[in-house]
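No lab work stands behind these numbers, since they all come straight from the coordinates. Model, not experiment: these values are computed from the prediction. Every residue, glycine among them, receives a Cβ derived from its backbone with ideal geometry; neighbour counts consider all protein chains shown.
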Amino acid sequence: MRFKYSLLATALALPLLSTASLAADLMVYSSRNASYIKPLLNEYALETGVAVNYLVSPAVELISRLENEAQSTQAEIKKADLMIASGAEYFWMASEKGLLASVQSSTLSENVPAHLTSPKQDWFGFASRARTIVYNPAKVKASELSSYSDLASPKWKAKLCLLTSQSAYTQAFVAMLANHEGEEKTAQIMRGWVDNLAVAPFGDDIQVLDAINQGRCDVGIVNSYYFIRFKRQEPDTKLKLFWTDQKGMGTHVNITGAAVVANTPNQAQAIDFLEWLTTKEPQATYAKLSMEYPANPDVYPAREVARLGKFKMDTTNLSNIGMHLHTAQKLAKAAGYP
């Protein structure tokens, strides 16, 4: 069952620590499912004695809330200290509005690759997910697959399943494609995708995987962790992942990341939490929970993820997603991509 967002604020209960012993507590705004972030917040609280409160809501709502808080003069209102979200595009939006603080940290520089970090040093990926091709080996040979753009070829006519262009995953992916290929070629690729659709685009990746598994289409594009979730649901599935564009730009990735909110009165504590997220134990914990790839190159992915094999990822800085997001939306509409 997909997670339904709700607005909530929950203080972590720490039976072994009295509130009098705690340092200044933290407020984390997250677009990530609470089941993935709460164990991290609990670990940090137990290690440091710092209470961590959190609020979960869609990223666009969090950004709007941060804007309102930035303009508020009511000191008694508890404001956010950190933002956690899935998708570099949301951090780019928040950064453009001046809502994030630049952080100069040798720990973050060592633990987070440059392409997963804001050029302004105001957001940092602590995990990544790959968006790549999935296929039915009973109908498609791996040797027939190559790149995202190849899926626009006539040989895939009535064989392709995709996520809707309204999905944030699609928009971020197409934005990076536009960064690499330019507007004209990206528009051409998307027209080819639309021509090759076997059925109307789906609302989530599990539906794409299910359609391929049922034989309604032969190939599609999904996030790597959804593939793992699908295999858990359907252990007998024969579907396989194909690491896309290995001879070119590499497989597209996006992040789950974190940022310190501008003007937080708890900046030192917020930076400490941000740095802690990129260290080995929290990285391993989150990777097992989410089935994403740890950002820290010294941390191995969870076993199910590692079994997918190694691949060359696109190491273009993810800030380019935000810069080309409007273009991606415009091109999808022009291509008739629902």
Would you grab the residues whose amide H sits under 5 Å from the one on Ser128? Only those 5+ places off in sequence or on another chain, please, with H modelled 1.01 Å from N. Thr256, Tyr293, Ala295
Net charge near Gln104, counting Lys/Arg +1 and Asp/Glu -1 over other residues with Cβ under 15 Å of its Cβ? -3
P(r) over all Cα-Cα pairs of the stretch 207-308, 10 Å bins from 0 to the longest distance, whole percent per bin, short to long, reads 13, 34, 29, 16, 7, 1
Per residue Cα convex hull volume in Å³ - calculated over the stretch 19-163: 182
Checked the stretch 292-338 against the a/c 1.5 cut and the a/b vs b/c comparison, axes a ≥ b ≥ c from its Cα gyration tensor; verdict prolate
Helix 34-48 axis, angle to the chain major axis (alpha carbon atoms, nearest 10°): 30
Rounded to 10°, Cα long-axis angle of helix 168-181 versus longest principal axis of the chain: 70
What does the extension gain come out to for His326 and Leu46, with contour length at 0.36 nm per residue minus their alpha carbon separation? 96.6 nm
Could you list the square roots of 5 times each eigenvalue of the Cα gyration tensor of the stretch 30-107, that is, the equivalent ellipsoid semi-axes, sorted largest first and rounded to whole Å? 21, 16, 15
Where chymotrypsin sites (Phe, Trp or Tyr not before Pro) fall in DSSP loop in the stretch 182-284, at most 14 other Cβ within 10 Å: none
With the cut-off at 1.5 for a/c, could you classify the stretch 258-338 from its C-alpha gyration tensor as rounded, prolate or oblate? oblate
Charge dipole of the chain about the Cα centre (unit charges at C-beta), most positive-ward option of Ala45, Ile221, Pro297: Ile221
What does the convex hull of the alpha-carbon atoms of the stretch 206-249 project to on average, in nm²? 3.3
Determine, for Tyr148, Tyr337, Tyr293, the number of other Cβ atoms within 10 Å of each Cβ, and report the residues in order from fewest to most. Tyr337, Tyr148, Tyr293
By the scheme Lys and Arg +1, Asp and Glu -1, what is the net charge of all other residues having a beta-carbon under 13 Å from that of Thr164? -1
To the nearest 500 deg cm²/dmol, what mean residue ellipticity at 222 nm is calculated for the chain from DSSP H runs of n ≥ 4 alone, each contributing -39,500 (n - 2.57), summed and divided by the residues? -11500 deg cm²/dmol
Could you list Tyr29, Tyr169 so that the one with the fewest beta carbons within 10 Å of its beta carbon is first and the one with the most is last? Tyr169, Tyr29
Over the Cα atoms of the stretch 122-206, each weighted equally, I'd like the Debye log10 I(q)/I(0) at q = 0.12, 0.20, 0.23, 0.24 Å⁻¹, rounded to two decimals. -0.39, -1.05, -1.33, -1.42
Cross-link partners of Lys310 among aspartates and glutamates (Cα-Cα below 14 Å; sequence separation of 8 or more within a chain): Asp245, Glu292
What the Cα atoms of the chain span along the principal axes, largest first and in whole Å, is 66, 40, 35
Neighbour-count ranking [beta-carbon atoms within 10 angstrom, fewest first] of Phe311, Phe124: Phe311, Phe124
With θ set to phi - 60°, apply the Karplus curve 6.51 cos²θ - 1.76 cosθ + 1.60 along the stretch 209-221 and write out the HN-Hα couplings as whole Hz, x wherever there is a Gly or Pro. 5, 5, 5, 5, 5, 7, x, 6, 8, 9, 9, x, 10
When the Cα centres of the stretch 283-322 and the stretch 37-98 are compared, how far apart do they sit, in Å? 23
For the chain, take the longest principal axis of its alpha carbons; what is the angle in degrees between that and the long axis of helix 183-196, to the nearest 10 within 0 to 90? 60
Summed side-chain charge close to Tyr36 - residues other than Tyr36 whose Cβ falls under 13 Å, Lys, Arg +1, Asp, Glu -1: +3
